[in-house]
Amino acid sequence: MPVFRYKAMDPQGNLARGKLDAINDVDLELRLRRMGLDLITFRELRSGDSARGGGVDRKELINFCFDMEHINRAGIPLLEGLRDLRDSIERSRFKQIISALMEDIQGEKMLSQAMAQFPKVFDPVFVSLVAAGEQTGRLPDVFENLSKSLRWQDELAAETKKLLIYPTMLLILTIGVSLFLLMYLVPQLVGVLRTMRIELPVQTRILIATSDFAMEYWWVIIGLPVIVVSTLAILVRTDPRARYLADLAKLRLPVIGPLLQKIILARFANFFGLMYQSGISILDALRTSEGIVGNAVIAEGLRSAWQQINSGEPMSDSFQRLGLFPPLVIRMLRVGESTGALDTALFNVNYFYGRDVREGVERALKVMGPALNLILGVLMALILFSILTPIYEMIGKLKF
C-alpha cells in the first residue's frame with residue numbers, strides 16, 4: 001500500500017504533518033477525516049519511506065498498555081476504545097498508529113495482526129502476548145503485565161545508562177586532560193628544560209617523544225579510534241561471527257560483563273514468564289525469546305536449551321547445562337516445574353536478577369569512579385615527575 005506524507009488541519013485550526021498508508025488520495029482524505037483532520041496537501045513517498053518503519057517513545061507505549069487494560073476491563077468495544085484513545089492524543093505519531101490499527105481491525109484483522117504491521121513499535125513478544133490474550137480471553141491481564149514489564153524495562157534502562165554514562169564521561173575527561181598536558185603544557189616546559197643544557201633522564205625523553213608524536217600526529221590519535229570503532233560496528237552488524245565474538249567479549253568485560261549478563265537474563269526471565277503465564281508453550285516462548293535477549297551468545301544457549309527441551313529433557317536440567325544461571329536460579333526453576341508454578345518461579349528469577357543489577361550498578365559506580373580518578377592522578381603524576389626530575393637535578397648541582 002502506498003505511503004503519503006500529508007499536511008492537514010484539525011478543527012481548532014492547528015496544522016498537523018505526518019505519514020499515512022492509503023490506497024490513493026481519496027482513501028487518504030477519508031482516513032484523515034476519520035482522524036478529525038482536513039487534508040491540505042499530500043505527497044506520495046517511495047516504498048522504502050513507509051510510515052510503519054519508525055518506533056515510538058517507551059512512555060507512550062506504557063500509557064497505551066495502561067489505557068488498553070482499562071478499555072478491555074470495562075467492556076468497551078475495541079474500536080470505540082481505540083477511537084477515544086486516539087482522540088485524546090495530541091499531534092503524536094502514535095495517533096497515526098492507532099488510526100492504522102483501527103483501519104486494519106475494521107478490515108477484519110485481529111488486534112495482534114494489526115500490531116504486527118508495526119514491528120518497531122510492537123515487537124514479536126508484544127504481538128505474541130496480545131495474540132495469546134485474544135485466544136484465551138485474558139487480554140486485560142496481558143496489557144496489565146505488559147505495562148508493568150515496560151515500566152520495569154524503563155527502570156532497567158535507566159540503571160544501565162548510569163552504569164555506562166558516568167565511566168564514559170570520566171574516561172573522556174581523562175583522555176582530554178592527558179592530551180592537554182601532552183600538547184600544550186609539556187611543549188612549553190620542554191623549551192625551558194632545553195635551555196638548561198643538561199642531560200635529560202629516560203622518563204623525560206620518553207615524555208618529550210610522546211608529546212612530539214601527539215603534536216605531529218594528533219589526527220591519527222583522534223581519527224584512528226573512530227575508524228576502528230566504525231569498522232568494528234559495521235562488521236558486527238553484517239557478520240554473524242563478528243557479532244558473536246563481540247557479544248562474548250561484552251560478557252567477559254570486568255565488572256560490566258557480569259552485570260550485563262544479569263540484565264539480559266532478567267529481561268529473558270521477565271518476558272518468558274509473561275509468555276508462559278499468557279498460555280504460550282515453553283518451546284514457543286523460548287523460540288521467541290531468542291530474538292529479545294540482544295546477545296548472540298545467550299541466544300545460542302537458548303537455542304541449545306530449546307533443542308534439549310524439545311527432545312524431552314526438563315527445562316531446569318537444560319538451563320543447568322548452559323552454565324548461564326547460578327545454582328539458586330536453577331533450584332527455583334526446578335521447584336516451579338515440580339509445583340506447576342513455573343511462571344511464579346520465572347518472576348522470582350526476574351526479581352532476583354533485578355535486585356542484583358541495582359546493587360551491582362551501585363557497586364560498579366563506587367569502584368569505577370575512584371579507579372578512573374586514580375588513573376588520571378597517576379598520569380598527571382608521571383608527567384610532572386618526568387618534568388620536575390631534571391629541574392631538581394639541576395638545582396642539586398648548583399653551588400651556593
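The values are calculated or read from the model by the stated rules, or taken from the named source; none is laboratory data. All values derive from a computational prediction rather than experimental measurement. Cβ sites come from the backbone with ideal geometry, for glycine too, and all protein chains shown count toward neighbours.
For segment 288-346, how many residues are within 22 Å of Ser278 (Cα to Cα) and among the aromatic types (Phe, Trp, Tyr)?
Number satisfying all stated conditions: 2.
Kindly indicate whether Gly336 is in the same structural domain as Ile282 (by TED's automatic domain parsing), free of Cβ contacts under 8 Å to residues at least 24 places away in the same chain, crowded, with 21+ Cβ neighbours inside 10 Å and farther than 22 Å from Arg151 by Cβ.
Working: in the same structural domain as Ile282 (by TED's automatic domain parsing): yes; free of Cβ contacts under 8 Å to residues at least 24 places away in the same chain: yes; crowded, with 21+ Cβ neighbours inside 10 Å: yes; farther than 22 Å from Arg151 by Cβ: yes.
Criteria met by Gly336.
I'd like the residue in segment 13-27 that is of a type in the set (A, V, I, L, M) and closer than 19 Å to Asp87 by Cβ and, out of all such residues, is nearest to the chain's Cα centre (by Cα). Write out each step before concluding.
Initial filter on segment 13-27 (of a type in the set (A, V, I, L, M)): 15-16, 20, 22-23, 26.
Now restrict to residues that are closer than 19 Å to Asp87 by Cβ: 15-16, 20.
On the way: Leu15: 34, Ala16: 30, Leu20: 28 Å.
This residue is Leu20.
Pick from Leu328, Leu322, Leu376, Leu372: which is at pLDDT below 85, closer than 21 Å to Lys262 by Cβ, more than 21 Å from the chain's Cα centre (by Cα) and surrounded by 14 or more Cβ atoms within 10 Å (Cβ to Cβ)?
Details: Leu328 fails: surrounded by 14 or more Cβ atoms within 10 Å (Cβ to Cβ); Leu376 fails: closer than 21 Å to Lys262 by Cβ; Leu372 fails: closer than 21 Å to Lys262 by Cβ.
Every option except Leu322 fails the conditions.
Is it true that some residue in segment 180-191 is exposed (fewer than 11 other Cβ atoms within 10 Å of the Cβ), part of a helix (DSSP H, G or I) and modelled with pLDDT of 85 or more? Break it down stepwise before answering.
First, the residues of segment 180-191 that are exposed (fewer than 11 other Cβ atoms within 10 Å of the Cβ): 188, 191.
Subset that is part of a helix (DSSP H, G or I): 188, 191.
This time we only want the ones that are modelled with pLDDT of 85 or more, so: none.
Within segment 180-191, not a single residue is exposed (fewer than 11 other Cβ atoms within 10 Å of the Cβ), part of a helix (DSSP H, G or I) and modelled with pLDDT of 85 or more.
Working carefully through the options Ser316, Ser289, find the one that is touching a Phe, Trp or Tyr at 6+ places or on another chain (Cβ under 6 Å), buried (at least 20 other Cβ atoms within 10 Å of the Cβ) and assigned by TED's automatic domain parsing to the domain that holds Ala157. First the steps, then the outcome.
Numbers: Ser316 fails: touching a Phe, Trp or Tyr at 6+ places or on another chain (Cβ under 6 Å).
From the options Ser316, Ser289, the qualifying one is Ser289.
Which one of the conditions (1) in the same structural domain as Arg287 (by TED's automatic domain parsing); (2) exposed (fewer than 14 other Cβ atoms within 10 Å of the Cβ); (3) in contact (Cβ under 8 Å) with a residue 40 or more places away in the chain does Asp87 fail to meet, given that it meets all the rest?
It is condition (1) that Asp87 fails.
The rows are residues; the columns are (1) among the aliphatic types (A, V, I, L, M); (2) assigned by TED's automatic domain parsing to the domain that holds Asp38; (3) more than 27 Å from the chain's Cα centre (by Cα); (4) at positive phi.
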| position | (1), (2), (3), (4) |
| --- | --- |
| Leu82 | yes, no, yes, no |
| Lys95 | no, no, no, no |
| Ile98 | yes, no, no, no |
| Met102 | yes, no, yes, no |
| Ile105 | yes, no, yes, no |
| Gln113 | no, no, no, no |
| Glu134 | no, no, yes, no |
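Hey, among Thr160, Thr204, which residue is more than 26 Å from Lys250 (Cα to Cα) and surrounded by 14 or more Cβ atoms within 10 Å (Cβ to Cβ)?
Working: Thr160 fails: more than 26 Å from Lys250 (Cα to Cα).
After applying the criteria, what remains is Thr204.
Which condition number does Leu232 fail, the rest of (1) part of a helix (DSSP H, G or I); (2) over 30 Å from Ala296 (Cβ atoms) being met?
Condition not satisfied by Leu232: (2).
Yes or no: Pro254 over 18 Å from the mean Cα position of the chain (by Cα), over 25 Å from Gln320 (Cβ atoms) and not in a helix (DSSP H, G or I)?
On the way: over 18 Å from the mean Cα position of the chain (by Cα): yes; over 25 Å from Gln320 (Cβ atoms): yes; not in a helix (DSSP H, G or I): yes.
Yes; evaluated as a whole, the condition is true for this residue.
Among residues belonging to segment 108-129 that are touching a residue at least 24 places away in the same chain (Cβ under 8 Å) and polar (S, T, N, Q), point out the one that is farthest from Phe66 (Cα to Cα).
Of everything passing the filter in segment 108-129, Gln117 is farthest from Phe66 (Cα to Cα).
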